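**Student:** Below: one structure in structure tokens.
The values are calculated or read from the model by the stated rules, or taken from the named source; none is laboratory data. Since the structure is predicted, the reported quantities are computational estimates derived from the model, not experimental observations. Backbone-built Cβ (ideal geometry, glycine too); neighbour counts: all protein chains shown.
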């Protein structure tokens, strides 16, 4: 059962705002090699880039052992860069569109709840905080939209809050491992050509605890989360239709991030890549030809009619990794027009270096029911 989408602006308004971004396309900064990541600076907004997001997913267990998954993502879609300002002071001349997605997977009930919010933030009901904020006195709201927020608490700790129709989540997150820089030389390349990339880092294992409410039932929950930060101007290229993305936390305290950029002809772009994170936080970059992802079963949405590959076989011979990826709930599709995508929790089991491993994670499948290019490119 899916919750109705709350406070959804008319689709035509969203599309008009996205089209308006083209006017200032030449004034945005591109994600190019050489970016030097700094923390906490990069937790905050990067207004010189067109698109960015704060993306948190996780697995949680309730008091009685019931399993839950969650996603809370804040998106910023730039409408005009700071260089386009000419002394205007009107709060109605906003610089960007703010929107967010919140989803809860309730495995005990076999239900997936989701919703979307959008705002111009003209009256500070939504926004992002620049760096430095209040001389870095924590807590600081990094991103917020009405009563949804992600706060930096100082150090490696965060708090998130989201309250929807029938669901609410309040979590404290604390990173147990160093930040992981995704890609090479400061960029995560998505297609051929300069600027078809993003600056991208992850917190791959965040201890999480707090309270979750689902349909009138409130409980204490604990588990592990994954935090992604990504910002760019023109990631994808013509001829690309979407991506398959995986975050995996194995029970031997290692992690994997993998993505496949899909082309319209069905092939995988060679710029696809991944990262293996060892127990001590050290990382190894994975080129496209170093891992194989083979779909094993599919689910067809009764709403969008998109056909999603929801079970996979993963092989990384160089690391001795052979895993099977499945999901305990097939229907974790978000239909939030004009975007439709599958985003949900996954289970993992198999072998690494001859030892049996199990794990959990999240999978994102886009472009199976309409293109993601308008929001990914900012075009």
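**Student:** Just one of 184, 215, 151 is under 27 Å from residue 344 (Cβ atoms) and modelled with pLDDT of 95 or more; which is it?
**Tutor:** 151
**Student:** Next question, about the same structure. Is it the case that residue 309 is touching a residue at least 40 places away in the same chain (Cβ under 8 Å) and part of a strand (DSSP E or B)?
**Tutor:** Yes: the conditions hold for residue 309.
**Student:** Then there's this: Looking only at the stretch 154-176, filter to residues that are at pLDDT 95 or above and buried (at least 20 other Cβ atoms within 10 Å of the Cβ); which one of those is farthest from the chain's Cα centre (by Cα)?
**Tutor:** In this case the residue turns out to be 167.
**Student:** Consider the stretch 188-218. How many of its residues are farther than 19 Å from residue 148 by Cα and part of a strand (DSSP E or B)?
**Tutor:** 14
**Student:** Consider residue 126 carefully, then state whether it is touching a strand residue (DSSP E or B) at 6+ places or on another chain (Cβ under 6 Å), farther than 17 Å from residue 76 by Cβ and buried (at least 19 other Cβ atoms within 10 Å of the Cβ).
**Tutor:** no
**Student:** Of everything in the stretch 31-69 that's in contact with a strand residue (DSSP E or B) (Cβ under 8 Å, 6 or more places away or on another chain) and assigned to a helix (DSSP H, G or I), which residue is surrounded by the most Cβ atoms within 10 Å (Cβ to Cβ)?
**Tutor:** Step by step, filter the stretch 31-69, then rank; the result is 43.
**Student:** Are any residues in the stretch 316-371 assigned to a loop (DSSP other than H, G, I, E, B) and surrounded by 20 or more Cβ atoms within 10 Å (Cβ to Cβ), and if so, which ones?
**Tutor:** Hits for the stretch 316-371 are 327, 332, 367, 368, 369.
**Student:** Hey, another quick one. Looking only at the stretch 216-262, how many residues end up being within 19 Å of residue 195 (Cβ to Cβ) and buried (at least 16 other Cβ atoms within 10 Å of the Cβ)?
**Tutor:** Going through the stretch 216-262 one residue at a time, the tally reaches 13.
**Student:** With the requirement that a residue be within 15 Å of residue 245 (Cβ to Cβ) and at pLDDT 65 or above, what does the stretch 351-379 give you?
**Tutor:** Passing the criteria: 361, 362, 363, 364, 365, 366, 367, 368.
**Student:** Would you kindly identify the strands (runs of 3 or more DSSP E) lying entirely within the stretch 230-306 that contain at least 3 residues that are in contact with a helix residue (DSSP H, G or I) (Cβ under 9 Å, 6 or more places away or on another chain) and more than 17 Å from residue 316 (Cα to Cα)?
**Tutor:** Answer list for the stretch 230-306: 240-250.
**Student:** Considering only the stretch 218-247, state which residues are at pLDDT below 95 and farther than 18 Å from residue 53 by Cα.
**Tutor:** Once the filter is applied, which keeps residues that are at pLDDT below 95 and farther than 18 Å from residue 53 by Cα, the stretch 218-247 yields 237, 238, 239, 240, 241.
**Student:** While we're here: Mind checking whether some residue in the stretch 193-200 is touching a residue at least 40 places away in the same chain (Cβ under 8 Å), farther than 18 Å from residue 46 by Cα and crowded, with 20+ Cβ neighbours inside 10 Å?
**Tutor:** Looking for residues that are touching a residue at least 40 places away in the same chain (Cβ under 8 Å), farther than 18 Å from residue 46 by Cα and crowded, with 20+ Cβ neighbours inside 10 Å, one finds none in the stretch 193-200, hence no.
**Student:** OK, next. Specify which of the listed residues (82, 42) is modelled with pLDDT of 95 or more and closer than 23 Å to residue 136 by Cβ.
**Tutor:** 42
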